[in-house]
Every structure is written in structure tokens, then in C-alpha cells.
Amino acid sequence: MTVKTIETSPIAGQKPGTSGLRKKTRVFMEPHFLENYTQSIFDGIGGVVGKTLVIGGDGRFFNDTAIGIILRMAAAGGAARCIVGQGGLLSTPAASHLIRKRGADGGLILSASHNPGGIDEDFGLKYNGPNGGPATESVTEKIYACTRNVTSYQILEAENVDLDRIGTQSLGEMTIEIIDPVTDYAELMGTLFDFNAISALFQGGFRVAFDAMHAITGPYAREILERRLGAPAGTVMNGTPLPDFGGRHPDPNPVWAKALMDIMHSDDAPDFGAASDGDGDRNMIVGRNCYVSPSDSLAIFADLAHLAAGYAGGLAGVARSMPTSAAADRVAMAKGFAHFETPTGWKFFGNLLDDGQVTLCGEESAGTGSSHVREKDGLWAVLLWLNILAVTGKSVTELMRDHWTRYGRNYYSRHDYEAVDSAVADDLMQALRARLGDLPGTSVAGLTVSGADEFSYLDPVDGSTSSGQGIRLYFDGGGRAVFRLSGTGTVGATLRVYLEQLETDAGALDHHPQEALASIIAAADTIAEISTRTGRTAPDVIT
Ligand code: G1P
Ligand code: ZN
């Protein structure tokens, strides 16, 4: 087997975003595109000589072909060992766990998360470091610099690897270890949660509907919920991963998981519903007639995670991304543990977790997780909820009501305007930025702006600063609107508007979020000139 050096030249647009590089699948399939980026990752991390890498993806179209190429490039680069999920499959949290458990030097995760899959949809690749978490900004900047200077890449001339055969095989000098993608992860879950209590809940007739959305968590959920915990067969819906996710967006929110929402709002609704996304790191939680916003889910965990064995010792602290509601902060303040506000994206939690400053993290975008891995973790969130439900004996609705009564309710919603012309979106943000100094004191839609700024984060662990992380408007009375442009989209720009209003009046805890937020929504639209600038009269997605 010989190593071939292939001449190439930089390809524009290989800048990693919020979570690695995401592009249309056909773009990733263009000559040299994947190879250039993979070589840049290897170069950006100082080469792979002698290293052990974990490799796996969410099974979307092109997953196995891409893994074949990456393996031949890793072998050419001198890597010692690659640990690969059978069939090329690994959920993102399972990959994070494997990197940590096996002491690997890093990993490559192939996924575009909740974006649709297929030859005409999206693909993605990201690098995670030795702590199991997404590469920090300093590393992604090095990778990006390499993409702009790459002139050649190395690849082993070899047959494709059989990704289905469990066990070890050789590729040139490199060892490839194909492992079951579920086993290690399922064992980790067993150490964090009281499986006996959850089993007993199921035996008592508690019914769950879990929608795997034809994505990666199907095999994980079947093994854990149905086999290990004894939930009836059929608890896991859409449990077979498909390369195109059945043509749907594998995005666990009320829009894309509408079928599950309908089940949970039907007369014969199960007690608990949940869904996870393409690569298994996001979650949606819904009780009978009761959708739990991700920000509230994080707050419930901050309050009650200690009921699960893995967190019985209490929490060091909780971190949330800036656009996430302040509900978790209110718990942290009441209970006296630390709380942090970080930029959007899981990579910013890694330092806090590694440094032991926080135990729980969460984002409004359906992501919650803890120190057990360095990614958000969809099934983990489902199991923590089930553990809390089993110990308290309460329903989801009762838990939410108790929580709001005690801590107040942070009404919350996110409005997304998708595929907006990039120049229009940039101008909108720029115009807002230019007015930040003038806005405080002005009144719009009956609300007075009390503060306005652009979020900049000083990492308390490594001292690095990340600026330009979203524009925040605060209103008298505890309201907030945040504006930022998505870093994961693949077409035009996605404008995200995050809306929040704190309510502590016990008589006003049951409103529909869109109604409770009506004034903030109107003020946000007026101040940012959303409809005038984009021509849109309503968001494309409301979560
Ligand atoms: C989105 C979410 C963000 C999440 C990321 C990866 O990023 O908003 O919270 O970490 O996906 O799942 P965005 O498209 O907003 O940059
Ligand atoms: Zn995801």
C-alpha cells in the first residue's frame, strides 16, 4: 500500500462555524473538498502521527464514503489507531464519551446535526479534542488557516475498509478498531441514573413515546429504554437510522417533531414524550399536554438533578448560552451555586467543565448536558427527566407548575427567519449595532429599553475573549430580546431572535408564550426593522 500525495489548492468557504464545517452534501462530495478539510484538520492539530482518533457519524448520506476517505488519510498521516463505530455510526455524545474513555487524542464527527440529510441536503464534519469536546476557537482558527494554505494532501491507496465487521483490522500501518456504537454509552448512562427506579416506573404502567426521527438515537434508545429499562417494544418510534432521515428534518422541536406533539396532546397521550436530533445531542421534552422549553428543562435539572445518583453530591455550577433564558440562573442564585453565561455553541462550555466550575450546561436550542461528556446529550436528558419523574412521582405538568411557582416563569421563544439574503441580514445587524448607544431610555411597543449591548465573552479559564456574540436588548420589567445570525446554516443567513419575559405573578403563569411575549416580539421587530428590511411578516420557525 502506498501513500499518495495529491496536489490541491485552497477551496473558499472552509471556515468552521458554530459546530464544525457544514455544507451541502454535494459540496462535500466535490473533488478535494473533504480531503482539503480533513488535511487541514490534521495539520491544524499538529499532525496525527502516532495518534488515536475516534471516528463516527450520524449515518446520513455520504457518511460511510467520507469515513473511508478519512481513514485512508489518517493512515497516510501516520495515525496509530482509529476507533470507529460499527457501520460508521456514533452519536455525538457517544463519540465524546469514547474519546474520553479511551484516552484518544481527538475525534472526527460526521454530522450536520438537525439539518436534513441526503445528496441534496446537508453534510458536516467537526473535530473534537482530547477532552471529548468540540475544538476550541483557537484550534478551529488554526484549522481554518490551514484550509487557506493547503497545497497537497496525503492519502493511502487501499481498498475500502469494512466498517461493519466488529474487531480490529489493519490499514497500512494503522490499526482500525470497529466497535459497537451503543455499548459504552449505555454503560455510562447506567452509572449516572437509577435504572431500577426508571424500570419500576415503566412496570407501573408509565408510558413513554420517544421519537428517534430516523436518526442516530434509534439504536441507543432501543437498547437503553426498551432492552435495559424494559419499556414496551414500540416505545421508540422511527428507530431505524436512514441516510435521509425519512426526508424530514431530524430536529426535535414542536415544528419538526409535530407527530410526537400531536400524540402528546391527544386524549390517550402517554405520560412522557421525547425526541432527539440527527446526531443525538439535542432533545425535546414534552409531558401530557405540556411542552417543556429547553431553557426550562435546564432549570429543572439545576433544581433537581441531585435526585439522580450521578449528581447526588450536588452541582458545582450551571452554564447556559447567552440566548438561553435566565431560568437556570434563578435556581443557581437560590441554591447558591455558580452560574455562567457563554456564547452560543457547546465549545464554550468545555473549559468550565474541564475546570470543574460547572456540572450542568444548556442551550435554548434543545441542548442540555453535563460533565459526563463534553457535548450536549439528548438521551441523557431524557433519562435524567425519567429519573426525576420516577423519584418525585410527579407528572411533567406538576413539576413545571411547582417550578414556576417557586422561581417564577421565564416565558421564552425563539423566532427564526431562514434563508434571508446575507447582505440584508448583515445590514440589519450592523444597523442595530450602530444604535446600541442610543436605544436605552427609548420606548417601543409600550416597553422601555433599559440596556443594549453586544455580547462579548471573557473565558474565565483560559482568558480568551470572544466578541460579536449577539446583540442584547433589555427592557424594563424583566424582558429581553437577543439578535444573532446563525453559524450553522448552509443557505443565506438565518436571523435568530430570542425573546424572554420574566413573570413572577403566581396568577399569570399559564399564558401561551407567544401571548406573554407579544410586547417584546413587537418591540424587537420595530427596533430591528425585521419586516421592513427582510420583507418577512412572520418567522419561518417558532420554537
Ligand atoms: C445552533 C444553535 C446552537 C447550537 C448549534 C449546534 O447554532 O443555535 O445553540 O450549539 O446550533 O447544535 P446557530 O445556528 O444558532 O449558530
Ligand atoms: Zn445535533
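The values are calculated or read from the model by the stated rules, or taken from the named source; none is laboratory data. Keep in mind that this is a model prediction, so the values were computed, not measured. Cβ atoms come from the backbone with ideal geometry, glycine included; neighbour counts cover every protein chain shown.
List of remarks:
- Filtered by the rule that a residue be small (Gly, Ala, Ser) and touching a residue at least 12 places away in the same chain (Cβ under 8 Å), the stretch 397-436 gives GLY408, SER413, ALA419, SER422, ALA425, ALA431.
- The residue pairs whose first member lies in the stretch 323-346 and is under 19 Å from TYR411 (Cβ atoms), whose second member is within 16 Å of ligand 2 (Cβ to nearest atom), and whose beta carbons are closer than 7 Å, counting only pairs six or more residues apart or on different chains, are PRO323/THR344; PRO323/GLU364; THR324/GLY362; THR324/GLU363; THR324/GLU364; SER325/GLU364; ALA328/GLY362.
- Elements of type helices (runs of 4 or more DSSP H) contained in the stretch 32-149, each with 3 or more residues being modelled with pLDDT under 95: 137-147
- Of all residues in the stretch 431-459, those that are small (Gly, Ala, Ser) and closer than 23 Å to PRO343 by Cβ total 7.
- Single match in LEU71, LEU108 (criterion: over 19 Å from the mean Cα position of the chain (by Cα) and either closer than 29 Å to VAL541 by Cβ or not β-branched (Val, Ile, Thr) (or both)): LEU71
- Exactly one residue out of ILE471, ILE542 is of a type in the set (Val, Ile, Thr) and touching a His at 6+ places or on another chain (Cβ under 9 Å), and it is ILE542.
- Within the stretch 452-491, the set of residues being of a type in the set (Gly, Ala, Ser), modelled with pLDDT of 95 or more and at negative phi comprises ALA452, SER456, GLY479, ALA481.
- Residue in the stretch 369-376 that is in a strand (DSSP E or B) and within 16 Å of ligand 2 (Cβ to nearest atom) present: yes
- Qualifying residue in the stretch 299-307 (condition: within 16 Å of ligand 2 (Cβ to nearest atom), buried (at least 18 other Cβ atoms within 10 Å of the Cβ) and either under 24 Å from THR18 (Cβ atoms) or of a type in the set (Ser, Thr, Tyr) (or both)): no
- Residue ID - surrounded by the fewest Cβ atoms within 10 Å (Cβ to Cβ), chosen from residues in the stretch 335-367 that are part of a loop (DSSP other than H, G, I, E, B), under 16 Å from the mean Cα position of the chain (by Cα) and not hydroxyl-bearing (Ser, Thr, Tyr): GLY345
- Residue pairs whose Cβ atoms lie under 6 Å apart, sitting 6 or more positions apart in sequence or on different chains, and linking a residue in the stretch 296-307 that is part of a helix (DSSP H, G or I) to a partner that is polar (S, T, N, Q) and modelled with pLDDT of 95 or more, are SER297/THR368; LEU298/THR368.
- Residue selection: THR504 fails the criterion of being in contact (Cβ under 8 Å) with a residue 24 or more places away in the chain, out of contact with any Ser or Thr (no Cβ under 6 Å at 6 or more places or on another chain) and within 16 Å of ligand 2 (Cβ to nearest atom).
- Number of residues in the stretch 232-286 that are part of a loop (DSSP other than H, G, I, E, B) and within 14 Å of ligand 2 (Cβ to nearest atom) equals 13.
- Evaluation of TRP380 against (1) surrounded by 18 or more Cβ atoms within 10 Å (Cβ to Cβ); (2) in a helix (DSSP H, G or I); (3) away from ligand 2 (no atom under 16 Å from the Cβ) (one fails), failing number: (3)
- Residue satisfying all of: in the stretch 287-298; closer than 14 Å to LEU389 by Cβ and within 18 Å of the chain's Cα centre (by Cα); nearest to ligand 2 (Cβ to nearest atom) among these: SER297
- One residue alone among SER321, SER325 is in contact with a helix residue (DSSP H, G or I) (Cβ under 9 Å, 6 or more places away or on another chain) and away from ligand 2 (no atom under 16 Å from the Cβ), and that residue is SER325.
- Residue pairs whose Cβ atoms lie under 6 Å apart, sitting 6 or more positions apart in sequence or on different chains, and linking a residue in the stretch 264-282 that is more than 14 Å from THR235 (Cβ to Cβ) and without any contact (Cβ under 8 Å) to a residue 40 or more places away in the chain to a partner that is within 16 Å of ligand 2 (Cβ to nearest atom) and outside any loop (DSSP other than H, G, I, E, B), do not occur here.
- Residues (more than 14 Å from ligand 1 (Cβ to nearest atom) and in contact (Cβ under 8 Å) with a residue 40 or more places away in the chain) located in the stretch 472-493: ARG472, LEU473, PHE475, GLY479, ARG480, ALA481
- Flag if ALA215 is in a loop (DSSP other than H, G, I, E, B), within 16 Å of ligand 1 (Cβ to nearest atom) and out of contact with any His (no Cβ under 8 Å at 6 or more places or on another chain): yes
- Of the residues making up the stretch 230-255, those that are touching a residue at least 60 places away in the same chain (Cβ under 8 Å) and of a type in the set (A, V, I, L, M) are LEU242, VAL255.
- If the condition is being under 20 Å from ALA274 (Cα atoms) and either near ligand 1 (Cβ under 10 Å from one of its atoms) or not polar (S, T, N, Q) (or both), then the stretch 358-374 contributes LEU360, CYS361, GLY362, GLU363, GLU364, SER365, ALA366, GLY367, GLY369.
Okay, residues lined up against (1) in contact (Cβ under 8 Å) with a residue 40 or more places away in the chain; (2) of a type in the set (D, E, K, R); (3) more than 21 Å from LEU389 (Cβ to Cβ); (4) assigned to a strand (DSSP E or B):
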residue: VAL161; (1), (2), (3), (4): yes, no, yes, no
residue: GLU187; (1), (2), (3), (4): no, yes, yes, no
residue: ALA200; (1), (2), (3), (4): yes, no, no, no
residue: GLU226; (1), (2), (3), (4): no, yes, no, no
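- From ILE155, ILE178, residue being in contact with a helix residue (DSSP H, G or I) (Cβ under 7 Å, 6 or more places away or on another chain), buried (at least 21 other Cβ atoms within 10 Å of the Cβ) and among the β-branched types (Val, Ile, Thr): ILE155
- Those helices (runs of 4 or more DSSP H) of the stretch 448-542 in which 3 or more residues are more than 25 Å from ASP421 (Cα to Cα) and not polar (S, T, N, Q) occupy 513-516.
- Criterion applied to PRO241, PRO323 was being more than 20 Å from TRP385 (Cα to Cα), surrounded by 24 or more Cβ atoms within 10 Å (Cβ to Cβ) and within 15 Å of ligand 1 (Cβ to nearest atom), and the one residue passing it is PRO323.
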